[in-house]
Amino acid sequence: MTDLFVDEYPEQARLVRAAFLTSFVALGIGALFGVIQALHRTGVFRIVESTTYYTVLTGHGVFLVITFTIFFLVGLYQWAVTDSLQRGPVDARLTWSWYGLMSVGTLIAAIAILAGFLDDPPDVLGSELSADVLFTFYAPLQANPIFYAGLVLFVVGTWLAGADWFRTWWAWKRDHPGERIPLPTFMVLTTMIMWYISSIGVAVAILAFILPWSLGLIDSLNPTLTRTLFWYFGHPVVYFWLLPAYLLWYIVLPKLSGGRLFSDPLARVVFILFVLLSTPVGIHHQYLDPGISEGFKFIAMTNTMFLLLPSLLTAFTVVASMEHGARQRGGTGTLNWLRALPWKDPAFTGMALAGLVFAFGGFTGIVNAGMNINYLVHNSLWVPGHIHTQVGTAVALTFMAGSYWLVPQLTGNRLVGRQIALFQVVLWFVGIVFMTNSMYRAGLIGVPRRSAEPQYAFDYEVGVGSMTELDVQLALGGVLLFVSTVLFLAIILLTAFNTDSDPLVDGTIPPALSGPEDSPRVLDDLRVWIGIALVLVVIAYAIPLASIVDRGGLFGPDVGPFPVVVDGVMYLQHGVAYVGVLIT
Amino acid sequence: MNIHAYERLWLVASMVLIVGFIVTITYGTVGLGITMVDDREETISPDDVDEDDRFQDPRVEQVGENEFEAYVVSMTFLFQPDPIEIPANNEVTFYVTSRDVIHSFTVVGTNTNTMVIPGEVSAMTVEFDEPGEYGVVCNEYCGPGHHDMEGSLIVHPEDEYSLTELSVDAPDQVGPGEDVELTISIQNGLLEDLETTVDVEVGDETLEQDVTVPGGETEQVSVTVDGDDLEPGDAEWSASVDDEVETGTVTIGDDADDGGDEP
């Protein structure tokens, strides 16, 4: 048995632990907010006011899809780079400073969001401290400036993390001339290239428009422009959540199955496809937007369909690797080999279930991507159904399962409660099946997402079952997922303190069946892929953005801010508007 | 590059699947003519919504044979007009804009669904073939009262649909024995002539008068009830054309039945 990661690279292990800690704290808060929502919108139990629901919803979105996922990513990627290059960073101070910057940014944004729970939030920088604008912060809804500032610091932190990993790789390359980039590092670098290209969109949206506007420096902005810039970033960000899960599926899952990765070259091709195609598709989130012509929507649709390719290739490679592993373990037959897989290992079972859910969710994603069917489901509960199968399970469950394998190596402690861990991942699977079954079906009959009380004067036409049955499934699923999260956090916490033990894991990663020597070297020439990716982005976005600016102006056709007002002012406006309606 | 035979097969099948999806969607767009919300409308500042011909008076209009336009304004946290009434089996183009933040205009259970962005006008042409009442919701978070934002869309059977508006000029009081004269204005918003009957009731008296209102015009009808036929006191009146009804009260005689409140 080789040395544990924590023994070989104690400082890197400390950083990965710190990143995971932040990630898991966010997971706990986000999960609590999630169960509050599941019970609230179904009317089962309402602990907060419906106006406060949106504070909970903003927290749920930001803490889970920004903090939980991305802190896990930086931890995992720090591990992957260190382990596969067998060296630490050039300068550990840079490593700790990006971790610090990301943490400070998260904290600032979190303060702005959580202030929404106060009855009388204080004024900060000239406006009320709150950020009930959800994860998408569509202007002209306005949050306190510190919310946007926090996001900026966080993103700059991730940029520095990428720079740190590139620097480590350059240093490695000098010592290993002519060698192929080890696969885990290749995945890290390509993910970060995608991230650099895509996060420009949100950086411009915030720095050039939304932040100065929230500070009162400019009066108006163009909501179509900031929204388009958001989605320029908003689709690739889902791959930023997903690619660490892919890394675990390609690198760790084959090993857990008892074998090795089927094909290293195809894994590289998959990641390159994500670099090329992740960004020029964002307009598929805007099929229903006015101000964008049908032609641009069509281009986004075709690009999106081609994004299926890397995921379909992944399905093949991952299943083939699992089959290879099962046969190494003595599995036989056409399908009987499935029995030979290590189903008692929570790390394996969690990832396998996550992959299964991901495959199903992928098909619901095709429905979303189909630009004319999209009109039926856009912003209905179908969409959170899709999100919860993909980020909420394919990613989150893989991260949890991966933690069962990784945390012992990062702490030097044995995993506590392996049986409970197995129960936890299965419970997650059961919970998500209930919850998303309800969400998908409710979405098809038009129940909206992002609503505290989706109960209206009209009745939904439920084809099969009833609204009550859908509500109960959603609430039950939410509760099971929350219990599963609590179990996960408890297991990790107990493992962290389980110091007088030896972990039972082997951290070595066996080489792929078909190694990198089988693939052309151009795959490793990252500059080529950056160039092509940029060309595709320009083709997909230059004309739409120019057209939006030409139509509405850089700062919009005089669209003023709309602070998220509460109580008195809101009801006053509501009342005035209502009287207006009665008169007209 | 060494690719396993099965993997090659899978790759080809994947590409066939992807191209197949693109082909079906293209067919839906080009073949079936499912068009999308796009940039065909000019931008409009939210401040100018009140001055805009289409949106200062949100309404439904007939613009051609079997063609209607609905001008809808979204704002926190309601839709105007509410309800929106349209005929079945006719092309209706919705023009929707926002006064404040991003909303959606979503007819529940249908694909009539568009984002409504301040500064932009969403246009979508649809045809409802099933009469009934549909819920309209905003499905984009727009503020703390988002979940209260609801409207309704009433789709009338084609032959029962009218855009008739009624207004009545009636006296509040007449002297004993005086005639009561009601002047009824009937506005026909449809392009076709409206041949209908005005039903008037004053007290126990009922009168009928046939009227033809040319398309897009307003006709006035005067109806007089003989004062001798009416009892002194408060008389309820109503005037109706098709489903439109106006009601009121006319007092006959001097301060009849009105002395009770005096000290």
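List the pairs whose first member sits in the range A:339-359 and is polar (S, T, N, Q), whose second member is buried (at least 19 other Cβ atoms within 10 Å of the Cβ), and whose Cβ atoms are under 9 Å apart, counting only residues at least 6 apart or on separate chains?
Pairs found: A:Thr349/A:Leu341; A:Thr349/A:Ala401; A:Thr349/A:Leu422; A:Thr349/A:Val425; A:Thr349/A:Phe429.
Restricting to the range B:230-249, name every residue that is free of Cβ contacts under 8 Å to residues at least 40 places away in the same chain and either surrounded by 15 or more Cβ atoms within 10 Å (Cβ to Cβ) or closer than 20 Å to B:His156 by Cβ (or both).
Residues satisfying the conditions are B:Asp234, B:Ser238.
Taking the stated definitions as given, is B:Gly177 open to solvent by 20 Å² or more (accessible area, probe 1.4 Å), more than 7 Å from every other protein chain (Cβ to nearest Cβ) and of a type in the set (Gly, Ala, Ser)?
yes
Among the residues of the range A:452-474, what is the count of those that are of a type in the set (Gly, Ala, Ser), open to solvent by 10 Å² or more (accessible area, probe 1.4 Å) and in contact with a helix residue (DSSP H, G or I) (Cβ under 9 Å, 6 or more places away or on another chain)?
2
Does at least one position in the range A:427-444 carry a residue that is of a type outside the set (Asp, Glu), in contact with a Leu (Cβ under 6 Å, 6 or more places away or on another chain), within 14 Å of another protein chain (Cβ to nearest Cβ) and open to solvent by less than 10 Å² (accessible area, probe 1.4 Å)?
Yes - at least one qualifying residue is present in the range A:427-444.
Could we say that A:Gly295 is within 11 Å of chain B (Cβ to nearest Cβ), at positive phi and either surrounded by 23 or more Cβ atoms within 10 Å (Cβ to Cβ) or part of a helix (DSSP H, G or I) (or both) here?
No: the conditions fail for A:Gly295.
Limited to the range B:59-83, what total is found for residues that are farther than 16 Å from B:Asn188 by Cα and within 13 Å of another protein chain (Cβ to nearest Cβ)?
The number of residues fulfilling the criteria is 13.
Just checking, which of A:Ala457, A:Ala452 is in contact with a Gly (Cβ under 8 Å, 6 or more places away or on another chain) and within 14 Å of chain B (Cβ to nearest Cβ)?
Only one candidate passes the filter, namely A:Ala457.
What's the total number of residues in the range B:25-34 that are surrounded by 14 or more Cβ atoms within 10 Å (Cβ to Cβ) and either closer than 13 Å to B:Tyr95 by Cβ or more than 7 Å from chain A (Cβ to nearest Cβ) (or both)?
1
Which ones in the range B:101-119 are facing chain A (nearest Cβ under 7 Å), assigned to a loop (DSSP other than H, G, I, E, B) and of a type outside the set (A, V, I, L, M)?
Those that are facing chain A (nearest Cβ under 7 Å), assigned to a loop (DSSP other than H, G, I, E, B) and of a type outside the set (A, V, I, L, M): B:Gly109, B:Asn111, B:Pro118, B:Gly119.
Among the residues that make up the range B:65-81, is at least one of them open to solvent by less than 10 Å² (accessible area, probe 1.4 Å), in a strand (DSSP E or B) and touching a residue at least 40 places away in the same chain (Cβ under 8 Å)?
yes
This table checks each residue for (1) without any contact (Cβ under 8 Å) to a residue 60 or more places away in the chain; (2) more than 27 Å from A:Gln390 (Cβ to Cβ).
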| site | (1), (2) |
| --- | --- |
| A:Glu11 | no, yes |
| A:Phe24 | no, no |
| A:Leu27 | no, no |
| A:Ile36 | yes, no |
| A:Val56 | yes, no |
| A:Gln86 | yes, yes |
| A:Pro89 | no, yes |
| A:Ile111 | yes, yes |
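Here are some residues: A:Arg46, A:Arg87, A:Arg93. Which one is assigned to a helix (DSSP H, G or I), surrounded by fewer than 20 Cβ atoms within 10 Å (Cβ to Cβ) and either within 14 Å of chain B (Cβ to nearest Cβ) or of a type in the set (Lys, Arg) (or both)?
Only one candidate passes the filter, namely A:Arg93.
Mind listing whichever residues of the range B:136-160 are more than 14 Å from chain A (Cβ to nearest Cβ) and either over 11 Å from the mean Cα position of the chain (by Cα) or buried (at least 24 other Cβ atoms within 10 Å of the Cβ) (or both)?
Scanning the range B:136-160 gives B:Pro157, B:Glu158, B:Asp159, B:Glu160.
Being assigned to a loop (DSSP other than H, G, I, E, B) and surrounded by 23 or more Cβ atoms within 10 Å (Cβ to Cβ) is the filter; apply it to the range A:115-136 and report the residue that is nearest to the chain's Cα centre (by Cα).
A:Val133
With more than 10 Å from chain A (Cβ to nearest Cβ) and part of a helix (DSSP H, G or I) as the only criterion, which of B:Val49, B:Val92 stands out?
None of the others qualify; the one that does is B:Val49.
Being free of Cβ contacts under 8 Å to residues at least 60 places away in the same chain and outside any helix (DSSP H, G or I), is that true of even one residue in the range A:501-511?
For the range A:501-511, residues free of Cβ contacts under 8 Å to residues at least 60 places away in the same chain and outside any helix (DSSP H, G or I): absent.
Name, by its number, the condition in (1) in a helix (DSSP H, G or I); (2) at pLDDT below 95; (3) of a type in the set (Val, Ile, Thr) that does not hold for A:Thr334.
(1)
Every residue in the range B:120-135 that is open to solvent by less than 40 Å² (accessible area, probe 1.4 Å) and not in a loop (DSSP other than H, G, I, E, B), please.
B:Ser122, B:Ala123, B:Met124, B:Val126, B:Gly132, B:Gly135
Based on this model, can you work out whether A:Arg527 counts as over 29 Å from the mean Cα position of the chain (by Cα), in a helix (DSSP H, G or I) and at pLDDT 90 or above?
no
Would you point out the residue of the range A:408-426, among those that are open to solvent by 20 Å² or more (accessible area, probe 1.4 Å) and assigned to a helix (DSSP H, G or I), that is nearest to A:Ala19 (Cα to Cα)?
Here the answer is A:Thr411.
Given the structure, is A:Gly100 touching a residue at least 40 places away in the same chain (Cβ under 8 Å) and crowded, with 17+ Cβ neighbours inside 10 Å?
No: the conditions fail for A:Gly100.
Keeping to the range A:142-157, report how many residues are open to solvent by 10 Å² or more (accessible area, probe 1.4 Å), in contact (Cβ under 8 Å) with a residue 40 or more places away in the chain and over 22 Å from the mean Cα position of the chain (by Cα).
So the answer is 1.
Would you point out the residue of the range A:359-388, among those that are among the small types (Gly, Ala, Ser) and more than 10 Å from chain B (Cβ to nearest Cβ), that is nearest to B:Tyr141 (Cα to Cα)?
Among them, the one singled out is A:Gly385.
The values are calculated or read from the model by the stated rules, or taken from the named source; none is laboratory data. All values derive from a computational prediction rather than experimental measurement. All Cβ positions, glycine included, derive from the backbone under ideal geometry; neighbour counts span all protein chains shown. Side chains included, ligands, DNA and RNA excluded: accessible areas come from the protein's heavy atoms. Shrake-Rupley method; radii C 1.70, N 1.55, O 1.52, S 1.80 Å.
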